[in-house]
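Reviewing the structure listed below.
The values are calculated or read from the model by the stated rules, or taken from the named source; none is laboratory data. Computed from a predicted model, the values in this text were never measured in an experiment. FYI the Cβ positions are ideal-geometry reconstructions off the backbone, even for glycines, and counts take in every protein chain you see. Just the protein is used for accessible areas: all its heavy atoms, side chains included, with ligands, DNA and RNA removed. Shrake-Rupley method; radii C 1.70, N 1.55, O 1.52, S 1.80 Å.
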Protein chains: 2
Amino acid sequence: MYHIKELQEKVNHSIAKSEIGREPFSLYAPITYTLSVGGKRIRPVLVLLSCNLFSDDIDQAVDAAIGLEIFHNFTLLHDDIMDKADVRRGNPTVHKKWNENTAILSGDAMFIKAYDFLLNCKSAKLHQILTVFNNTALEVCEGQQYDMEFETRNHVSETEYIRMIELKTSVLLAAALKIGAIIGGASDTDTNLLYEFGKYIGLAFQLQDDLLDVYGDSRVFGKEIGGDIVANKKTFLLIKAKELANELDRKQMEVLLNDKTKSREEKINTITLIYNKLTIKEITQQKIQEFHQKAMAYLNEVSIASERKTELINLAETLIQRKK
Amino acid sequence: MYHIKELQEKVNHSIAKSEIGREPFSLYAPITYTLSVGGKRIRPVLVLLSCNLFSDDIDQAVDAAIGLEIFHNFTLLHDDIMDKADVRRGNPTVHKKWNENTAILSGDAMFIKAYDFLLNCKSAKLHQILTVFNNTALEVCEGQQYDMEFETRNHVSETEYIRMIELKTSVLLAAALKIGAIIGGASDTDTNLLYEFGKYIGLAFQLQDDLLDVYGDSRVFGKEIGGDIVANKKTFLLIKAKELANELDRKQMEVLLNDKTKSREEKINTITLIYNKLTIKEITQQKIQEFHQKAMAYLNEVSIASERKTELINLAETLIQRKK
């Protein structure tokens with residue numbers, strides 16, 4: 001069995017040696033830039049870990065793993081244009097470093113490169129793998145669309161929010177596990193159990209992200225605390241707070257979040273106080289735990305000796321308990 | 001053998017009955033809008049015609065045909081954002097009718113739908129088909145990148161220009177023919193001959209477009225004459241004129257094309273006069289004929305009775321001799 005660190009290195013090594021660029025270099029430079037900036041390589045590691053549950057030959061899954069990582073980075077590239085985000089992982093985003101047209105077109109080319117890597121996959125189940133990938137890719141777009149729509153809506157229900165993050169974040173983690181399992185030769189039952197495991201880990205992962213934005217340590221988190229509050233983003237915390245607040249607090253929240261004259265500090269402090277009063281932190285942690293338990297129940301059913309599952313369990317815990 | 005009209009109807013019918021939309025409708029509405037606006041359906045018709053050369057069962061190629069049409073429309077959608085084009089086929093472009101974010105994201109989803117249709121293809125040669133498609137898609141992006149780069153360059157050579165239009169326009173027509181032939185069961189030799197045929201038809205097609213922009217009849221052409229001149233676009237005509245002009249005329253052209261104070265009419269009239277003096281129209285027509293002949297030589301070698309090639313020959317002639 002491989003360790004997470006080894007797999008991350010394998011992924012980074014494969015990305016570094018893959019020759020993505022050719023002429024015109026101006027099209028490919030933003031792609032290699034985006035991929036070199038790094039990140040945790042969660043999705044490709046999940047592909048390899050999942051394959052490794054069923055097979056010791058994980059090299060057969062490397063191309064699919066890289067394909068998923070490229071796809072993920074493509075979505076970030078285009079999302080950053082739409083969200084007008086200037087910085088990603090401490091570096092200027094592509095549309096800032098180059099320009100918007102380059103970001104659109106290099107993003108498109110990057111998406112095609114993701115398919116290229118998936119097509120390299122020597123699996124007899126290529127059609128099944130591509131179908132999973134394609135359905136997932138479409139769902140990720142749907143998630144981004146809902147996310148943008150929620151920005152202009154006043155009310156978003158908890159159910160709607162969970163569905164949005166399932167589409168935008170969870171299904172890709174789930175698909176990574178599913179594709180890895182298919183390549184590793186898993187049964188359909190195990191493949192689907194791993195998909196469900198990934199889906200719930202993804203939900204917990206995103207709620208942890210929401211939580212860190214308010215209750216994280218900015219020195220560890222790597223970005224400023226309270227960004228979601230200032231942006232009036234409908235996170236799990238805000239949705240839950242609006243649901244549980246009394247009339248007075250709800251009114252205060254709504255006025256404050258929409259008030260452009262109020263300072264960043266005032267917004268963050270006041271909203272956090274209301275969150276504290278309503279025990280939003282604990283409610284969110286409980287929800288995270290609930291998703292985590294659901295995920296573990298699915299993983300438990302996968303017909304593999306439990307000692308082979310250790311690394312996957314570790315990774316899931318890292319994702320959920322992360323401080324950054 | 002099917003006639004072009006029948007195939008266009010088949011394509012339109014298949015697009016109309018394909019259920020592309022689901023929730024969120026805001027993501028899918030721009031896709032159905034773009035596809036319903038129509039166009040000549042050249043690429044899917046080429047897929048079907050090419051398949052029909054080798055097989056009477058063209059239904060097996062319909063999904064691939066629709067996939068290519070969706071891909072082509074996706075490239076137009078994203079190109080229109082980059083080119084800041086407000087109108088396409090007499091209708092507002094997606095980024096005008098909705099907004100830029102919608103155009104980016106719906107474009108991405110559209111691209112994924114193109115793969116969906118290709119994946120539906122029941123061919124045993126799916127891997128080969130997807131590889132052709134993927135390579136072509138990347139080349140189309142490269143073509144668009146060169147096209148944008150040429151805008152900011154002062155000098156573009158004829159060779160560079162031909163390579164750019166080969167990537168941006170020709171390879172997709174070529175790939176349509178190649179994919180149709182693969183599905184129809186053609187030999188590798190015939191498949192590659194049809195690719196070359198399509199490539200040269202594509203080059204002739206694009207030069208005809210350049211020609212119509214200056215020498216077309218605006219009532220038939222459907223857009224205003226001289227748009228390329230006003231935009232200082234490095235078309236085949238301009239590149240050739242700069243190459244053949246004397247020092248004085250070249251200087252006049254360069255100053256005029258970059259002069260923002262000069263009227264549209266003055267630019268068009270003066271440049272056209274220089275074109276006329278240099279017989280640019282005839283030179284371009286000759287180049288078109290040259291490409292057409294090369295294309296026909298490749299088609300001639302395809303090991304199919306010549307009477308089966310009639311419709312393909314007709315379509316090629318329509319594309320090259322078109323007035324709009």
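Observations on the model:
- Helices (runs of 4 or more DSSP H) contained in segment A:53-152 and holding at least 1 residues open to solvent by 40 Å² or more (accessible area, probe 1.4 Å) and within 9 Å of chain B (Cβ to nearest Cβ): A:100-120, A:126-151
- Candidate set from segment B:30-57 (those that are free of Cβ contacts under 8 Å to residues at least 60 places away in the same chain and more than 22 Å from the chain's Cα centre (by Cα)); member that is nearest to residue B:112 (Cα to Cα): B:57
- Tally of residues being surrounded by 12 or more Cβ atoms within 10 Å (Cβ to Cβ) and in contact (Cβ under 8 Å) with a residue 24 or more places away in the chain across segment A:255-276: 8
- Condition met for residue B:219 (modelled with pLDDT of 90 or more and loosely packed, with under 14 Cβ neighbours inside 10 Å): no
- Selected residue (criterion: surrounded by the fewest Cβ atoms within 10 Å (Cβ to Cβ)) from residues of segment A:187-216 that are without any contact (Cβ under 8 Å) to a residue 24 or more places away in the chain and under 24 Å from residue A:59 (Cβ atoms): A:188
- For residue B:282, the conditions (1) among the charged types (D, E, K, R); (2) surrounded by 14 or more Cβ atoms within 10 Å (Cβ to Cβ); (3) over 30 Å from residue B:67 (Cβ atoms); (4) modelled with pLDDT of 95 or more all hold with the exception of (2).
- Counting residues in segment A:46-56 that are assigned by TED's automatic domain parsing to the domain that holds residue A:143 and either at pLDDT below 95 or closer than 30 Å to residue B:80 by Cα (or both) gives zero.
- Subset of segment B:222-231 that is open to solvent by 30 Å² or more (accessible area, probe 1.4 Å) and in contact (Cβ under 8 Å) with a residue 24 or more places away in the chain - its residue that is farthest from residue B:280 (Cα to Cα): B:222
- Flag not set for residue A:181, criterion: within 18 Å of residue A:306 (Cα to Cα), touching a residue at least 40 places away in the same chain (Cβ under 8 Å) and not in a helix (DSSP H, G or I).
- Within segment B:3-28, tally of residues that are touching a residue at least 24 places away in the same chain (Cβ under 8 Å) and more than 20 Å from the chain's Cα centre (by Cα): 8
- Test: residue in segment A:22-34 that is of a type outside the set (Asp, Glu) and loosely packed, with under 15 Cβ neighbours inside 10 Å: yes
- For segment A:155-186, filtering for residues that are surrounded by fewer than 19 Cβ atoms within 10 Å (Cβ to Cβ) and touching an Asp or Glu at 6+ places or on another chain (Cβ under 8 Å) leaves 1.
- Test: residue in segment A:187-196 that is within 13 Å of chain B (Cβ to nearest Cβ), touching a helix residue (DSSP H, G or I) at 6+ places or on another chain (Cβ under 7 Å) and closer than 27 Å to residue A:318 by Cα: no
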